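The values are calculated or read from the model by the stated rules, or taken from the named source; none is laboratory data. Worth saying up front: this structure is predicted, and the values here are computed from it rather than measured. Cβ: placed from backbone, ideal geometry, glycine included. Neighbour counts: every protein chain shown.
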């Protein structure tokens, strides 16, 4: 076991906490506004959303999942574009991002920009398609000889940017460094199922798992780093990364620009673009202004809803929208004495006019959400009833719960007023509007509602501490139902901030993650979601969209629910 | 003169000490436990202890401060918690951009401010004067960021003359490239990027300097010796240039020195609007991430720079105004 | 003695204003006449009065409830039922401007009062007691002055968290230095005046001397500072809100209204124009009034 390079970093962090931030973090920040402070480089979930489906590799056992062939074409080619045939060579693509990458070391990055750089400069064993299916990347094919063993066969002749060859020992080194607890990789938790990694020969890597793990293949997109370069550069690898990806990082002016140039020796063929320049423009509207004035060619979420509708109706720029693997929701702290009562939570659920909120605040972007699993996911239960907007029903439920309206309209029980504080983080103006709407609705039925916003780090810490009552936040990168439910709704779940407790749901979720039969798993998830919705620890508000806006010169971009830049490999700029 | 210089130097040293103390105290102004804020709730008590020990928060305050000073003396400002780099390196990367912006804004303020001030003083209550003073009045009453946004919308979006954000190549590098390769493109591009931010940042100072020059010059021009010169038949221009201006400019020079502080502060906002990669934006980012070593580093650097500039202005003032030295 | 530093400019102004050439009441009367004659100062005074009245009578002047959310009505342009339009949550902008005036006025008053209190006390003590006290207090002033105003305010709000109270604390801690310097300069001039001697001989305590004899003569320049300080405080609050560190929604402060409205700059510019104009006019008013007072109280400094 090699010890990973760490360099002189302050402080050491537990990976569990990183896991929390990871899955939750950038979701909240994704619809971030940055008219104010620059959007925090919030930790985000991992890049590649794996399909929870059991593997579909050639030699695998028969499964019920559709067979995704181990293709040798990069994922972007999943969408046929005639542009690919006549794509023009050359050019500089100028992209605007909301935050700077925290590091360019793909094993350590925690924020969305770091993930985008990873997608440009590195490859994993597999890559994940926009429809969440894994396709071959560095691994040409793979076998699954038994439940606990996976064998990956690397492509021949793949070279790192510094000219050295990719070998199986680089893969082994990468995974072992991530698994090394002292390295503090935020991705460690995803690979805990791995018992050992061996480089069985120069081009073959064998993984042995501790127990059968259904979604394993979809986690195999971890970016592979070169052992020699990492050991030579140490901590500097984070500023001078070396990978196998279609673009090479040339220059990183922190906080401002990242310059990349085409990798002539990329295994999938030299990308069409000559260079990519990533500029950090924290203000959402400022980025769009940059796009509209021609200073940028490409911007993506987070963007203000009004900018989207204006640009779309303007017709001069391309706007690609797709349902994202995330949602905005209201987290109710069931440990709070007022909110411990299910009837109160259900009453609150009736006070959220989701459609109106989406139509007004979000300008029609996104769909009303009714559960933790997003509609594009295979496990999405289609027949879950949603709470209709009904202040009358809310009032009735509050009465039933013993909160009676006094003479002045405010609700009282046992001499105590029904007081709630609705909170969110200050970087996101849409959520700030949302809490004001909620405050207004709550007050109309006699709840003494106040609002509070602080910046995300402080807000999130309070949420994790359980120091909140009603918090508006989001989830992102929920690429499989396990990621969308396990940590949030199991009794000891690490992301169960509201201390939700339901034994049945707990059991259902635990069983579902161990079940290799997708049909059975789907039923279990449906049952779990029904109960979750009924218990209302969350009020689901909006299934988000991921939106990319770009100049008509840009050809071949394939929009991706988790903003993955896989298609940059074949992107081109027309004249 | 030497006595004056020594006095000023001592003064600056004391001020710098106070500045360091205040900056050091910043981290302790946080309500609650700063370590908890930095690491988050999920950190185990062991982790919290470790960071606390690392940041020496478990030591008595004077000891912490002592160590802080020692580290400062050896040029160490600690490591940024979130960017995994030494604070000094981050500052070194980003400060030049702020300097460039500040100097550009200062140049705008000085040239435009002094010239309009002079013209206004020479022709008081003329249409030019009235308009100029109105603009100056507005300049000090308007929120800077509003002005900046409007500028972007007009000049970048609507007219397309200037870029809407960001910085071009460092101006000095671009100038060198021009000289070496004969291609002015980078230099022109850098200037274009610099224009809107510099004007936005310098607007307040321009207005201030303009009004000040006007009032100072007017007062000087009303003095007896000026009227004497006029009676002697000297041309107005000569009077203004050789007798009026130098005396009027003394207070102006000192105010300009003081404006550096205002500009550095305003740079925080200007950099945010224009996505200018300087330490102002770095500060905001550090604050959002609760990256206290970085916040401290930036605050300290800024205050030190300002103190040194004040010292230079004091010494310069002493050099040109003999009354000060012996007073 | 008066420091031989570049800030002599400020102190010169203070000295000139503070000379007790005439009994105070006649000074005030004369000043008032001067102000009335000065049109711009008068305009400033009117604006300030409008602000104060708007703030006091906001609940009666506002046509709608400034907190009433109405999503169906959002972003209505000015005209019609809502004279200045509605904001992103359907609230009436005019009403929010009235209530925002309260916040702005409050911010200005508290900042000026707090920073004035701290500064004037410090300045009086430094000037009158001299020696050790003077050295220490003036060094503290210099230390605070080494930080740009916005930087210090941001840093303080950053460590304490956003919100009105922390903004007030930050602004008070940032703006006190000007008052200290002016108060000190005044005292230094007047310390040797006859009536001060007389009071001391009669056994008056330093405190009594400072408050009863020195302070009244410092009022003139301090009032000028206060007027300008109100404008500065309002601008500072706007800047802090712009950076997300100021007053949070749904409170209606002009700064946060401007901040929020900036996102709708392209589609509904009135959301930011209205509070922006309010801030601009108000700060202008305070500046004009301050200038006018300064001119009125010392003819030599008139421009």
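Being more than 13 Å from every other protein chain (Cβ to nearest Cβ) and either over 30 Å from residue B:289 (Cα atoms) or surrounded by 19 or more Cβ atoms within 10 Å (Cβ to Cβ) (or both), is that true of even one residue in segment B:70-90?
no
Picking from A:163, A:238, which residue would you name as being out of contact with any helix residue (DSSP H, G or I) (no Cβ under 6 Å at 6 or more places or on another chain) and at positive phi?
A:163
Go through B:262, B:254, B:228, B:195 for me and flag whichever is surrounded by fewer than 19 Cβ atoms within 10 Å (Cβ to Cβ) and at pLDDT below 90.
Matching residue, one of B:262, B:254, B:228, B:195: B:228.
Which residue out of A:276, A:281, A:299 is under 22 Å from residue A:251 (Cα atoms), within 8 Å of another protein chain (Cβ to nearest Cβ) and in contact with a strand residue (DSSP E or B) (Cβ under 9 Å, 6 or more places away or on another chain)?
A:281 is the lone residue from the list that is under 22 Å from residue A:251 (Cα atoms), within 8 Å of another protein chain (Cβ to nearest Cβ) and in contact with a strand residue (DSSP E or B) (Cβ under 9 Å, 6 or more places away or on another chain).
If you take the residues of segment A:513-541 that are without any contact (Cβ under 8 Å) to a residue 40 or more places away in the chain and touching a helix residue (DSSP H, G or I) at 6+ places or on another chain (Cβ under 7 Å), which of them is nearest to residue A:474 (Cα to Cα)?
Per the criteria, the residue is A:531.
Determine whether segment A:305-323 contains at least one residue that is in a strand (DSSP E or B) and under 25 Å from residue B:94 (Cβ atoms).
Looking through segment A:305-323, none of the residues is in a strand (DSSP E or B) and under 25 Å from residue B:94 (Cβ atoms).
Can you tell me which residue among A:418, A:438, A:434 is surrounded by 15 or more Cβ atoms within 10 Å (Cβ to Cβ) and more than 29 Å from the chain's Cα centre (by Cα)?
A:418
Of all residues in segment B:151-165, count the ones that are loosely packed, with under 13 Cβ neighbours inside 10 Å and not in a loop (DSSP other than H, G, I, E, B).
Number of matching residues: 1.
I'm checking my understanding of the structure. Among residues of segment C:127-146 that are over 21 Å from residue C:209 (Cα atoms) and free of Cβ contacts under 8 Å to residues at least 24 places away in the same chain, which one is surrounded by the most Cβ atoms within 10 Å (Cβ to Cβ)?
It comes out as C:146.
Of the residues C:234, C:279, only one is touching a helix residue (DSSP H, G or I) at 6+ places or on another chain (Cβ under 7 Å), more than 8 Å from every other protein chain (Cβ to nearest Cβ) and farther than 26 Å from residue A:288 by Cα; which?
Exactly one residue qualifies, and that residue is C:234.
In segment A:244-259, which residues are crowded, with 18+ Cβ neighbours inside 10 Å, out of contact with any helix residue (DSSP H, G or I) (no Cβ under 6 Å at 6 or more places or on another chain) and in a strand (DSSP E or B)?
If the condition is that a residue be crowded, with 18+ Cβ neighbours inside 10 Å, out of contact with any helix residue (DSSP H, G or I) (no Cβ under 6 Å at 6 or more places or on another chain) and in a strand (DSSP E or B), then A:248, A:252, A:258 are the ones that fit.
What's the total number of residues in segment B:305-317 that are more than 8 Å from chain C (Cβ to nearest Cβ) and either at pLDDT below 80 or not in a helix (DSSP H, G or I) (or both)?
Residues meeting the conditions: 1.
Given (1) under 22 Å from the mean Cα position of the chain (by Cα); (2) surrounded by fewer than 17 Cβ atoms within 10 Å (Cβ to Cβ), identify the lone condition not met by residue A:546.
(2)
Residue B:93 - would you say it is within 14 Å of chain A (Cβ to nearest Cβ), surrounded by 18 or more Cβ atoms within 10 Å (Cβ to Cβ), out of contact with any helix residue (DSSP H, G or I) (no Cβ under 6 Å at 6 or more places or on another chain) and free of Cβ contacts under 8 Å to residues at least 24 places away in the same chain?
The answer is yes for residue B:93.
Sort out which residues of segment C:255-271 are part of a helix (DSSP H, G or I) and at the interface with chain B (Cβ under 7 Å from one of its Cβ atoms), and write them in order of number.
Listed by number, the residues that qualify are C:258, C:262.
Within segment A:457-469, is even one residue farther than 30 Å from residue A:305 by Cα, without any contact (Cβ under 8 Å) to a residue 40 or more places away in the chain and either within 14 Å of chain C (Cβ to nearest Cβ) or out of contact with any helix residue (DSSP H, G or I) (no Cβ under 8 Å at 6 or more places or on another chain) (or both)?
Yes; the residues of segment A:457-469 include at least one that is farther than 30 Å from residue A:305 by Cα, without any contact (Cβ under 8 Å) to a residue 40 or more places away in the chain and either within 14 Å of chain C (Cβ to nearest Cβ) or out of contact with any helix residue (DSSP H, G or I) (no Cβ under 8 Å at 6 or more places or on another chain) (or both).
Conditions: (1) under 25 Å from residue B:265 (Cα atoms); (2) in a loop (DSSP other than H, G, I, E, B); (3) away from every other protein chain (no Cβ under 13 Å). Residue C:246 meets all but one. Number of the miss?
Here residue C:246 clears every test but (3).
I'm trying to understand the selection: among the residues of segment A:447-456, which are at the interface with chain B (Cβ under 8 Å from one of its Cβ atoms) and assigned to a loop (DSSP other than H, G, I, E, B)?
Residue satisfying the conditions is A:455 alone.
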